[in-house]
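Structure, as structure tokens:
The values are calculated or read from the model by the stated rules, or taken from the named source; none is laboratory data. What you see is a predicted model, and the numbers here were worked out from it, not measured in a lab. Cβ coordinates were reconstructed from backbone atoms using ideal geometry, including for glycine residues, and neighbour counts include every protein chain displayed.
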Amino acid sequence: MVLSSLVLKRYFEIFLLVFLLCCTSFLILNNVLNSSQSAKLNRQQMSDVINTKNNVTERLKVLLECKDRPLIFEKIQYSDYWLLKNFVRGRTSAQMGCSEGITYCTNGDYTFFDNLAEVVKRWLAPVSFAIFSPGYDFNTTMDCIQYVRNCLHESQLIQNYVTFHIYFPNLHMPNYLPMTDEEINKWPYDCRSLIKPYEKIARADMYKTKNKLFYPINVGRNIAREAANTHFIFTCDIELFPSKNLIEQFFKMLLRNEMLLKTDEEGKDIPRVFPIPVFEVNKTSSVPESKAELLEMLKDKRAIPFHKNVCKKCHMVPGYEKWLITTNVETMEIIEVAKREDEFASWEPFYISDNREPMFDERVTWEGQSNKRIQNYAMCLLGFEYHVLHPAFLVHTPGIKKVNHKDPRLQYVAPTNRLIQRTIKPEYKILYGQNKNCKV
């Protein structure tokens, strides 16, 4: 009796084991089939996207008559700086055709690396990032580059899209520079660290700060611009996050309006750029994902136009009210065409361009301010048109800026203004012509 009971128990255990194995096999097979179907669907969707993209970009390439060019590492003497151009190259960006994307051209030092992942995640296209790294700041910059390329959820995107350029004054050289891809890739990094390398060192302890160096913001802007290998660029501050699908919408808009890529009836090349409205949001708010979300935040006073409390006229956008009420967000359109004159004479827009606008004046620093305004003054003298885009928008990293009367930079504003009025402005009138409606 006991033996019979043991046999039955054993058979039951075997039956249960076989049953569980069958169930597991069924679930695995079902999952494989579903995954296969899903992968097939995803491949089909991706194929459709790629085909559409290629059709658009190939047509654009014909219209633009642009030439592809690779990203090549170069050591360049750039005025009083040494430049490591294309020091670390984005893998996808290095192969990018001239009409296949728009390069987000930006600059900063390593303390701005916390914004990079969000920019890349939204932009999904080449990013040209010029980094000021004098003296021992270079070592921390390398730590930061390795960290963002290997330790973040967005690291794959950063490896694919971001090209890093490093520059430093020839009087403030680093002690050591890795010069090959192998040496760069061997630079140590620690993904387990609880503190990111760009958060470890206080600004007061940076080489730049201790040696009282000015931040040459326009040098960085020009380096990032000159290194871009796409026809269109977007020169932007790294703290500004773009709305999604911007590039695809922009390219399709151009193909619907091919006259924007051609000369006028007299064969003249009309200089034009494509500005994007900019906003700020509360410190506790997230960056809006859509225009609808942005409008709700504007309604609730959680968002405001950029620098409304600091310099409202500097970012007052032509056609702003029309931009707000336009409802079609699926198709990009130009809602206003204006010049930087009259009520918009102090405008400092961020815009997409074909990289043919004047370079930024490198005599003007971040500390002295007015570093974008002088370039737009030159563009006004040259007769540039500003074609305002909808529904694209930019949002500054959360936090609404207020006037700070104790800002240490204020001591440099008056000397910078004298430089502009006495030296730069007279030069520009000779170089670009005169127009009484244009103001700095």
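Spot the failing condition for MET179; the list is (1) more than 18 Å from PHE350 (Cβ to Cβ); (2) part of a loop (DSSP other than H, G, I, E, B); (3) touching a strand residue (DSSP E or B) at 6+ places or on another chain (Cβ under 9 Å); (4) modelled with pLDDT of 95 or more, and only one is missed.
Among (1) more than 18 Å from PHE350 (Cβ to Cβ); (2) part of a loop (DSSP other than H, G, I, E, B); (3) touching a strand residue (DSSP E or B) at 6+ places or on another chain (Cβ under 9 Å); (4) modelled with pLDDT of 95 or more, MET179 violates only (4).
Does at least one position in region 101-109 carry a residue that is without any contact (Cβ under 8 Å) to a residue 24 or more places away in the chain and in the same structural domain as ILE201 (by TED's automatic domain parsing)?
Checked against the condition, which is being without any contact (Cβ under 8 Å) to a residue 24 or more places away in the chain and in the same structural domain as ILE201 (by TED's automatic domain parsing), region 101-109 yields no hits at all.
Within region 159-178, count every residue that is exposed (fewer than 12 other Cβ atoms within 10 Å of the Cβ) and either touching a Lys or Arg at 6+ places or on another chain (Cβ under 7 Å) or free of Cβ contacts under 8 Å to residues at least 40 places away in the same chain (or both).
Counting residues in region 159-178 that are exposed (fewer than 12 other Cβ atoms within 10 Å of the Cβ) and either touching a Lys or Arg at 6+ places or on another chain (Cβ under 7 Å) or free of Cβ contacts under 8 Å to residues at least 40 places away in the same chain (or both) gives 2.
When region 115-167 is examined, which residues are found to be within 19 Å of ALA227 (Cβ to Cβ) and small (Gly, Ala, Ser)?
ALA125, SER128, ALA130, SER133, listed by residue number.
Can you pull out every residue in region 143-154 that is of a type outside the set (Lys, Arg) and either surrounded by 17 or more Cβ atoms within 10 Å (Cβ to Cβ) or not in a helix (DSSP H, G or I) (or both)?
Once the filter is applied, which keeps residues that are of a type outside the set (Lys, Arg) and either surrounded by 17 or more Cβ atoms within 10 Å (Cβ to Cβ) or not in a helix (DSSP H, G or I) (or both), region 143-154 yields ASP143, CYS144, ILE145, GLN146, TYR147, VAL148, CYS151, LEU152, HIS153, GLU154.
If the requirement is being outside the structural domain of SER370 (by TED's automatic domain parsing), surrounded by 21 or more Cβ atoms within 10 Å (Cβ to Cβ) and out of contact with any Gly (no Cβ under 7 Å at 6 or more places or on another chain), which of these qualifies: ASP237, ASP137, ASP181?
Details: ASP237 fails: surrounded by 21 or more Cβ atoms within 10 Å (Cβ to Cβ); ASP181 fails: surrounded by 21 or more Cβ atoms within 10 Å (Cβ to Cβ).
Just a single option satisfies the conditions, and that option is ASP137.
In region 294-329, what count of residues is obtained for those that are surrounded by 13 or more Cβ atoms within 10 Å (Cβ to Cβ) and free of Cβ contacts under 8 Å to residues at least 12 places away in the same chain?
Residues meeting the conditions: 2.
Give me the pairs: first residue in region 263-292 and within 18 Å of ASN245 (Cβ to Cβ), second residue acidic (Asp, Glu) and at pLDDT 95 or above, beta-carbon distance under 9 Å, and six or more apart or on different chains, which are they?
Between residues of region 263-292 that are within 18 Å of ASN245 (Cβ to Cβ) and residues that are acidic (Asp, Glu) and at pLDDT 95 or above, the close pairs are VAL287/GLU118; PRO288/GLU296.
Of the residues that make up region 263-272, is at least one closer than 30 Å to LYS85 by Cβ and surrounded by 16 or more Cβ atoms within 10 Å (Cβ to Cβ)?
Yes, region 263-272 has at least one match.
Yes or no, residue by residue, for (1) surrounded by 24 or more Cβ atoms within 10 Å (Cβ to Cβ); (2) of a type in the set (S, T, N, Q); (3) more than 15 Å from the chain's Cα centre (by Cα):
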position	(1), (2), (3)
LYS75	no, no, yes
THR103	yes, yes, no
THR106	yes, yes, no
ALA117	no, no, no
SER128	yes, yes, no
ILE131	yes, no, no
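Quick one: would you say VAL403 is assigned by TED's automatic domain parsing to the domain that holds ASN328, touching a Ser or Thr at 6+ places or on another chain (Cβ under 9 Å) and more than 25 Å from LEU116 (Cα to Cα)?
Against the criterion (assigned by TED's automatic domain parsing to the domain that holds ASN328, touching a Ser or Thr at 6+ places or on another chain (Cβ under 9 Å) and more than 25 Å from LEU116 (Cα to Cα)), VAL403 does not qualify.
ASN86 - would you say it is at positive phi, touching a residue at least 40 places away in the same chain (Cβ under 8 Å) and of a type in the set (S, T, N, Q)?
So ASN86 fits the description; yes.
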